[in-house]
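Let me begin by presenting the structure, written as structure tokens, before commenting on it.
The values are calculated or read from the model by the stated rules, or taken from the named source; none is laboratory data. Quick caveat: nothing in here was measured; it's all calculated off a predicted structure. Positions of Cβ are backbone-derived with ideal geometry, glycine not excepted, and every protein chain shown enters the neighbour counts.
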Amino acid sequence: MQKKEILQSIPAVNDFLAAPEAGLLIEKYSRKEFLKVLREELNKIRSQIINSRGEIQKDEFDYSSLNIKIIINNLAEKLKLESNVGIKKAINATGVIIHTNLGRSVLAKEALNKVMEVSENYSTLELDLKSGQRGYRSKKVKKIFKDLTGAESAVVVNNNAAAVMLILTALMRDKEVVISRGEMVEIGGSFRIPEVMENSGAILKEVGSTNRVYVKDYLNAVSEKTGAFIKVHPSNYRIEGFTHSVKTSELVRVAKKNNLPVIEDLGSGIIFNLSEYGLPDEPTVKERIEAGIDILTFSGDKLLGGPQAGIIVGRKKYLNQIESHPMMRALRVDKMTLAALEETLNLYYNFDEAVKKIPTLKMITEKPENVKSKAQQLLNKIKKVEGLKIELVKTEARVGGGAFPVSTFDSYGLAVETGTKDIENLVSKLRTSKNSVIARIQADRAIFDLKTVRSIQLDQLAASINKAVSEVF
Ligand SMILES: *Cc1c(COP(=O)(O)O)cnc(C)c1O
């Protein structure tokens, strides 16, 4: 009978509700949320008692596990964790501009306003206003890409992985696609080029070695089964030393001679050359089209600075086939994505406007002195606490998003040392704080890189740091 007696001594829900600590949690999270986690917790305690082996001796039972204050304390932890589960805004103090875990590119105001406008109203998504007939959802995007890159056509899908998948499914089923072994890339989040290709029904024909590939390797691979050559941008790694790759112009020449299209998965894709601002001197999308690449794909939310999307540009004869494939319907983008993409692209007609208004480009081109001044402003807002050491330091910011892994930007930030206190605890408190501040730890110091923090976020960032510090010390 011992179990029954112990079960009877579990406090009732009303006893919990009467505790002042419960009142605070209800105020913070709502009564409904509080009752939900309370019932879960009480059920857990009950089943632990019921399922325990044999009888529990009454004097052996740890009654503190039934203490109202202790249980409410556990509930507070649980509620805090659960309230952090959904998507919410965060402050990116990592210095990684296109941070996949943090949502990649921040959208331009213009793009956001357009999303609002077409979402809170009906829109002309698929209506041709002149004829009153059904229109096409990516008409404007096609025109803009034609203007910006000279491409004959453009197609927009859900993301770049979908773009690669769709191209191969629509054009390369049961055909051999020739790829260099040095470009068999894994992008992260389990996206492996070879696996995508296999799933599309294309047959992978690997040529060359990991570090060296020659034009003759591509040539030797050509047979009546060959459908295309594909190039994949090795976005997230670099092979250095004894290497050889095939120039785009060479590859295009050989492909043309054999009547084959060249497909290129660019990953990031740039509209403007930003080498002046620390990015590698890479050909733009326009230059690649001019070099004769037939079909190009890239992401909407990497260096382009727009919403998540996969963009395919290139020759009309291929893109028409891609667009009319049944899979297109499953991969098409919604009106919010399209609105954000159109408005982001509109800004590209003018270089100065683009780098001023598209946050990703703005961060890339922001001068180090400006970043330093933000770091100084933040430093001035941090309260002095005994045992806490803060320094303004030089840092290295990165593009991220699997793009240009070896290039860095000169940047500035704050390095915070907590002496005897656990630095991991501070960084974790900041992550789970109201503003979700994401910083990194380097050599036992928390580093706040200001390259990815906007001026208007400085007060919030300082408040979060001050609060977390006060909790740790
Ligand atoms: C990032 C990347 C992808 C995947 O793009 P998503 O838009 O995330 O689907 C594919 N290929 C390359 C080379 C990339 O860098």
Residue match in the range 195-214 (condition: surrounded by fewer than 22 Cβ atoms within 10 Å (Cβ to Cβ) and touching a residue at least 40 places away in the same chain (Cβ under 8 Å)): no
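Given the options Lys146, Lys78, Lys114, name the one that is among the basic types (Lys, Arg), assigned by TED's automatic domain parsing to the domain that holds Leu331 and part of a helix (DSSP H, G or I). Can you show your working first?
Values: Lys78 fails: assigned by TED's automatic domain parsing to the domain that holds Leu331; Lys114 fails: assigned by TED's automatic domain parsing to the domain that holds Leu331.
Going through Lys146, Lys78, Lys114 in turn, just one is among the basic types (Lys, Arg), assigned by TED's automatic domain parsing to the domain that holds Leu331 and part of a helix (DSSP H, G or I): Lys146.
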Residue list for the range 274-296, filter: closer than 17 Å to Ile322 by Cβ and assigned to a loop (DSSP other than H, G, I, E, B): Ile293, Asp294
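Picking from Val416, Val406, Val393, which residue would you name as being part of a strand (DSSP E or B) and farther than 23 Å from Gln376 by Cα? Break it down into steps so the answer makes sense when it comes.
Values: Val416 fails: farther than 23 Å from Gln376 by Cα; Val393 fails: farther than 23 Å from Gln376 by Cα.
Exactly one residue qualifies, and that residue is Val406.
Residue-by-condition table, conditions (1) more than 15 Å from the ligand (Cβ to nearest atom); (2) among the polar types (S, T, N, Q):
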position	(1), (2)
Gly150	yes, no
Ser153	yes, yes
Ala162	no, no
Met172	yes, no
Ser180	no, yes
Glu183	no, no
Arg192	no, no
Val196	no, no
Ile203	yes, no
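Out of Ser30, Ser83, which single residue is surrounded by 14 or more Cβ atoms within 10 Å (Cβ to Cβ), among the hydroxyl-bearing types (Ser, Thr, Tyr) and under 17 Å from Lys434 (Cα atoms)? Write out each step before concluding.
On the way: Ser30 fails: surrounded by 14 or more Cβ atoms within 10 Å (Cβ to Cβ).
Being surrounded by 14 or more Cβ atoms within 10 Å (Cβ to Cβ), among the hydroxyl-bearing types (Ser, Thr, Tyr) and under 17 Å from Lys434 (Cα atoms) holds for just one of Ser30, Ser83, which is Ser83.
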Count - residues of the range 235-291 that are touching a residue at least 40 places away in the same chain (Cβ under 8 Å) and under 24 Å from Leu319 (Cα atoms): 18
Residue that is nearest to the ligand (Cβ to nearest atom), among those in the range 248-268 that are under 17 Å from Val285 (Cβ atoms) and of a type in the set (Asp, Glu): Asp265
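Considering only the range 332-339, I want to know if a residue exists there that is more than 20 Å from the chain's Cα centre (by Cα), assigned by TED's automatic domain parsing to the domain that holds Glu152 and either within 15 Å of the ligand (Cβ to nearest atom) or buried (at least 22 other Cβ atoms within 10 Å of the Cβ) (or both). Give the derivation first.
Applying the first criterion (more than 20 Å from the chain's Cα centre (by Cα)) to the range 332-339 yields 335.
Adding the requirement that they be assigned by TED's automatic domain parsing to the domain that holds Glu152 leaves 335.
Next cut, either within 15 Å of the ligand (Cβ to nearest atom) or buried (at least 22 other Cβ atoms within 10 Å of the Cβ) (or both) only: none.
No, every residue in the range 332-339 fails to be more than 20 Å from the chain's Cα centre (by Cα), assigned by TED's automatic domain parsing to the domain that holds Glu152 and either within 15 Å of the ligand (Cβ to nearest atom) or buried (at least 22 other Cβ atoms within 10 Å of the Cβ) (or both).
Of everything in the range 307-322 that's closer than 16 Å to Ala161 by Cα and touching a Leu at 6+ places or on another chain (Cβ under 9 Å), which residue is surrounded by the most Cβ atoms within 10 Å (Cβ to Cβ)? Don't jump to the end; show me each part of the working.
Going residue by residue through the range 307-322, those that are closer than 16 Å to Ala161 by Cα are 307-313, 322.
Among the residues that remain, those that are also touching a Leu at 6+ places or on another chain (Cβ under 9 Å) are: 307, 309-313, 322.
Working: Pro307: 25, Ala309: 24, Gly310: 25, Ile311: 27, Ile312: 26, Val313: 30, Ile322: 22.
Only one residue fits best here, namely Val313.
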Candidates Arg104, Arg53, filtered to the one that is within 30 Å of Ile364 (Cβ to Cβ) and outside any helix (DSSP H, G or I): Arg104
Those residues of the range 416-467 which are on the phi > 0 side of the Ramachandran plot and in contact (Cβ under 8 Å) with a residue 12 or more places away in the chain, in sequence order: Gly419, Ser436, Asp444
The range 135-156 residues that are modelled with pLDDT under 95, paired with ones that are in a loop (DSSP other than H, G, I, E, B) and among the acidic types (Asp, Glu) (beta carbon under 6 Å, 6 or more apart): Gly135/Glu126; Gly135/Asp128; Arg137/Glu126
Any chance Glu40 is under 30 Å from Pro359 (Cβ atoms), of a type in the set (Asp, Glu) and outside any loop (DSSP other than H, G, I, E, B): no
Considering residues of the range 227-276 that are more than 24 Å from Asn160 (Cα to Cα) and among the charged types (D, E, K, R) only, the residue farthest from the chain's Cα centre (by Cα): Lys257
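Going through the range 306-323 one residue at a time, which ones are touching a residue at least 40 places away in the same chain (Cβ under 8 Å) and either among the polar types (S, T, N, Q) or more than 13 Å from the ligand (Cβ to nearest atom) (or both)? Write out each step before concluding.
Of the range 306-323, the ones touching a residue at least 40 places away in the same chain (Cβ under 8 Å) are 306-316, 318-323.
Residues satisfying the conditions are Gln308, Val313, Gly314, Arg315, Lys316, Tyr318, Leu319, Asn320, Gln321, Ile322, Glu323.
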Residue count, the range 58-105 (criterion: among the β-branched types (Val, Ile, Thr) and farther than 30 Å from Asp459 by Cβ): 4
Residue in the range 341-359 that is acidic (Asp, Glu), within 23 Å of the chain's Cα centre (by Cα) and within 16 Å of the ligand (Cβ to nearest atom) present: no
Among residues of the range 41-55, those that are loosely packed, with under 11 Cβ neighbours inside 10 Å and either aliphatic (A, V, I, L, M) or on the phi > 0 side of the Ramachandran plot (or both), counted: 1
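Has the range 254-270 got any residue that is of a type in the set (A, V, I, L, M, F, W, C) and surrounded by fewer than 17 Cβ atoms within 10 Å (Cβ to Cβ)?
The initial filter retains those residues of the range 254-270 that are of a type in the set (A, V, I, L, M, F, W, C), namely 254-255, 260, 262-263, 266, 270.
Next cut, surrounded by fewer than 17 Cβ atoms within 10 Å (Cβ to Cβ) only: none.
No, because not a single residue in the range 254-270 is of a type in the set (A, V, I, L, M, F, W, C) and surrounded by fewer than 17 Cβ atoms within 10 Å (Cβ to Cβ).
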Single residue of the range 384-426 satisfying the filter (of a type in the set (Asp, Glu) and out of contact with any Phe, Trp or Tyr (no Cβ under 9 Å at 6 or more places or on another chain)) that is nearest to Glu276 (Cα to Cα): Asp410
